[in-house]
1. If you take the residues of the stretch 38-66 that are small (Gly, Ala, Ser) and at pLDDT 95 or above, which of them is farthest from residue 5 (Cα to Cα)?
2. Of all residues in the stretch 59-87, which are surrounded by 14 or more Cβ atoms within 10 Å (Cβ to Cβ), acidic (Asp, Glu) and more than 15 Å from residue 20 (Cβ to Cβ)?
3. Is there any pair with a first residue in the stretch 48-73 that is closer than 12 Å to residue 25 by Cβ and a second that is at pLDDT 95 or above and among the β-branched types (Val, Ile, Thr) whose Cβ atoms are under 9 Å apart and which are 6 or more apart or on different chains, and what are they?
4. Out of curiosity, is residue 78 out of contact with any Asp or Glu (no Cβ under 7 Å at 6 or more places or on another chain) and assigned to a loop (DSSP other than H, G, I, E, B)?
5. Which members of the stretch 59-71 meet the condition of being in a loop (DSSP other than H, G, I, E, B) and in contact with a Leu (Cβ under 9 Å, 6 or more places away or on another chain)?
Amino acid sequence: MEKNNKHLMYVLECGDGTYYTGYTNDLEHRLGVHNQGKGAKYTRARLPVRCIYFEEYETKQEAMRAEYAFKQLTRKQKIDHIRSGEL
């Protein structure tokens, strides 16, 4: 079995228009889990969700730092970041 070395910070747009940010090393699987209602508590009540943005990092720590930094932004700053790709 091949080890997956991708570490991703991702942003989902929920069915109610809100954003959810998370970390994963398998985005396709994680998105499926969210949409099955088995993901984060936040997304369960806001289905369906779709991935609108992600960034790839070399380490889990880097991806989780990016997740934390993104969560600190205002909604406007999040939209600007998604458009520009710069945190």
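The values are calculated or read from the model by the stated rules, or taken from the named source; none is laboratory data. In this text the structure is predicted, and so the values were computed from the model without any measurement. Positions of Cβ are generated from backbone atoms using ideal geometry, with glycine treated the same way; all protein chains shown enter the neighbour counts.
1. Among those residues, the one meeting the criterion is 66.
2. Matches in the stretch 59-87: 62 only.
3. Pairs found: 54/11; 54/24; 63/24.
4. No.
5. If the condition is that a residue be in a loop (DSSP other than H, G, I, E, B) and in contact with a Leu (Cβ under 9 Å, 6 or more places away or on another chain), then no residue fits.
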